[in-house]
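Novice: Just passing along the structure, written as structure tokens.
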Amino acid sequence: MEAKTVKVRVPGTSANLGAGFDTLGIACSCYNELELSLHRDEYLDIELQGEGAKDIPTDNRNIVWRSITRVLKKAGVEQEFRGAKLHMTNGIPLSRGLGSSAAAIVGGIKAANEALGAPLSTQELLELATEIEGHPDNIAPALLGGMTISTVKNGHPETFRFIPKLHFKMVVAIPDFYLPTKAAREVLPDKVDRRDAISNIGNAAMLVAALLKGSKKFIYNAFDDRLHQPYRERLIPGMSDVFKEARTAGAMGAFLSGAGPCIIAFTDNSEEKVGTSMISAFADHGVKAEYRIFSLDRDGAVVIE
Ligand code: HSE
């Protein structure tokens with residue numbers, strides 16, 4: 001079998017969107033690019049530039065390479081292709097709650113699958129990537145684009161993907177510290193109060209309905225969460241004030257992006273004002289941050305060359 005050189009682009013993603021803990025996800029207009037050439041010899045050449053380049057391993061611990069090897073194995077060609085040349089240009093901030101690990105996994109499996117002539121279906125890619133990451137909430141939008149609702153039944157992820165009717169931009173406040181997901185999950189309780197669960201079910205359902213229908217009226221309270229954000233606040237100084245200031249500046253609402261520390265505000269006007277207010281609220285708590293404005297990515301992982 002011959003393998004062709006391919007270049008893919010994968011979006012950054014935000015999970016949870018407030019109440020949809022471990023379930024909702026959205027793809028954003030910031031990207032990693034990856035060029036892959038598979039080799040028959042056992043050698044690995046990984047070149048990296050952009051976000052986190054100095055912190056990412058370039059040997060066989062690399063998550064992109066490890067994901068590629070999972071596709072090679074599933075396609076039954078791991079003995080045929082034992083090495084690769086990889087060139088990555090990363091635009092997704094690392095360990096900030098913007099799906100950098102999901103993008104690495106999806107980039108690796110999408111590129112490897114395309115290089116081999118697409119032996120695996122999109123559903124098989126979703127399953128494989130979810131198995132590697134452990135949960136589908138960032139994987140699904142990274143692979144499919146748009147907004148996603150993901151569940152896992154007997155270990156199998158199921159995803160409903162849609163494009164919201166409501167128009168908005170995402171203003172992303174990016175603090176200048178890393179927060180590993182593991183640390184942000186360790187502060188969560190194992191059991192939750194029934195009233196908190198009911199509140200989240202209502203808000204997550206309301207958010208999806210409002211986005212699908214384009215109904216702005218119902219969105220203002222739909223980002224409120226009681227299952228993870230309150231517990232994570234101590235890891236993200238100023239979180240509640242950043243939410244508050246984003247709203248005062250005109251945002252529809254704000255939430256912790258994934259496990260944090262980034263905070264995203266949805267707005268259909270005054271993006272700069274919302275961004276500046278969020279940064280200034282972080283600064284009041286001694287946190288240095290910058291902001292970027294993202295749109296919805298509709299495409300997910302795509303081959304660009
Ligand atoms: N849903 C996950 C969390 C996203 O909030 O911990 C991070 O991978």
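Novice: Take every Cα pair under 8 Å in segment 169-294 that's 6+ residues apart, average their separations, divide by the length, and report that relative contact order as a whole percent.
Specialist: Relative contact order comes out at 39 percent.
Novice: Could you sort 86-98, 8-20 so that the peptide with the highest average Cβ count within 10 Å comes first and the rest follow in order?
Specialist: Packing proxy ranking, top to bottom: 8-20, 86-98.
Novice: Continuing with this model, one more query. I'd like to check one number: the per residue accessible area of the chain, probe 1.4 Å, reported in Å² as a whole number.
Specialist: 44
Novice: Now for a different question. Across segment 185-193, in residue order, what do the Karplus-derived ³J(HN,Hα) couplings come to in whole Hz, using 6.51 cos²θ - 1.76 cosθ + 1.60 with θ = phi - 60° and x for Gly and Pro?
Specialist: Ordered by residue, 3J(HN,Hα) equals 8, 5, 8, 8, x, 6, 10, 10, 5 Hz.
Novice: Taking K and R as +1 and D and E as -1, what net charge do the other residues with C-beta under 15 Å from the C-beta of THR248 add up to?
Specialist: Result for the local shell: -2.
Novice: Full-extension gain between ARG66 and TYR43, please, as 0.36 nm times their residue separation minus the C-alpha to C-alpha distance.
Specialist: Extra length available between ARG66 and TYR43 comes to 6.9 nm.
Novice: While we're on this one: Only Cα pairs within less than 10 Å get springs; with that Gaussian network setup on the chain, which residue of VAL187, VAL171, VAL64 has the largest fluctuation?
Specialist: The residue that fluctuates most here is VAL187.
Novice: Tell me the relative contact order for the chain as a rounded percent, counting alpha carbon contacts under 8 Å between residues six or more apart.
Specialist: Across the chain, relative contact order equals 25 percent.
Novice: Mind checking the angle between helix 271-284 and the chain's longest principal axis? C-alpha axes, 0 to 90 degrees, to the nearest 10.
Specialist: Long axis of 271-284 versus the principal axis of the chain: about 80 degrees.
Novice: Note down the nm distance, to one decimal, between modelled labels 7 Å out along Cα→Cβ at ALA283 and at GLN79.
Specialist: Here the modelled spin labels are 6.3 nm apart.
Novice: Counting other Cβ atoms within 10 Å of each Cβ, which chymotrypsin sites (Phe, Trp or Tyr not before Pro) in segment 2-104 have at most 12 and sit in a DSSP loop?
Specialist: Taking segment 2-104 and a limit of 12 other Cβ atoms within 10 Å, the loop chymotrypsin sites (Phe, Trp or Tyr not before Pro) found are TYR43.
Novice: Now, a different point. Where a ≥ b ≥ c are the square roots of the eigenvalues of the C-alpha gyration tensor, would you call the chain rounded, which needs a/c under 1.5, or, failing that, prolate if a/b is larger than b/c, or oblate?
Specialist: prolate
Novice: To test your reading of the geometry: what angle, between 0 and 90 degrees and rounded to tens, separates the Cα axis of helix 239-248 from the longest principal axis of the chain?
Specialist: On a 0 to 90 degree scale, this one is about 70.
Novice: What FRET efficiency, computed as 1/(1 + (r/R0)^6) with R0 = 30 Å and r the Cβ-Cβ distance, is obtained for PHE177 and LYS7, rounded to the nearest 0.05?
Specialist: E between PHE177 and LYS7, to the nearest 0.05, is 0.40.
Novice: Right, here's the next one. For GLY50, enumerate residues with amide H under 5 Å from its amide H, sequence gap 5+ or separate chain, H modeled in the peptide plane.
Specialist: Close amide H contacts, sequence-distant or interchain: ASN90.
Novice: If one takes the longest principal axis of the Cα atoms in the chain, at what angle in degrees, from 0 to 90 and to the nearest 10, does the Cα axis of helix 194-213 lie?
Specialist: The angle comes out near 70 degrees.
Novice: In what sequence, highest mean first, do 157-165, 135-143 appear when ranked by Cβ atoms within 10 angstrom?
Specialist: Averaged packing, sorted descending, gives the order 135-143, 157-165.
The values are calculated or read from the model by the stated rules, or taken from the named source; none is laboratory data. Bear in mind that the values here come from a model prediction, so they are computed numbers and not experimental data. Here Cβ is always computed from backbone atoms with ideal geometry, including for glycine, and neighbour counts include all displayed protein chains. To get the accessible areas, we keep the full protein, side chains included, count just its heavy atoms, and leave off ligands, DNA and RNA. Shrake-Rupley method; radii C 1.70, N 1.55, O 1.52, S 1.80 Å.
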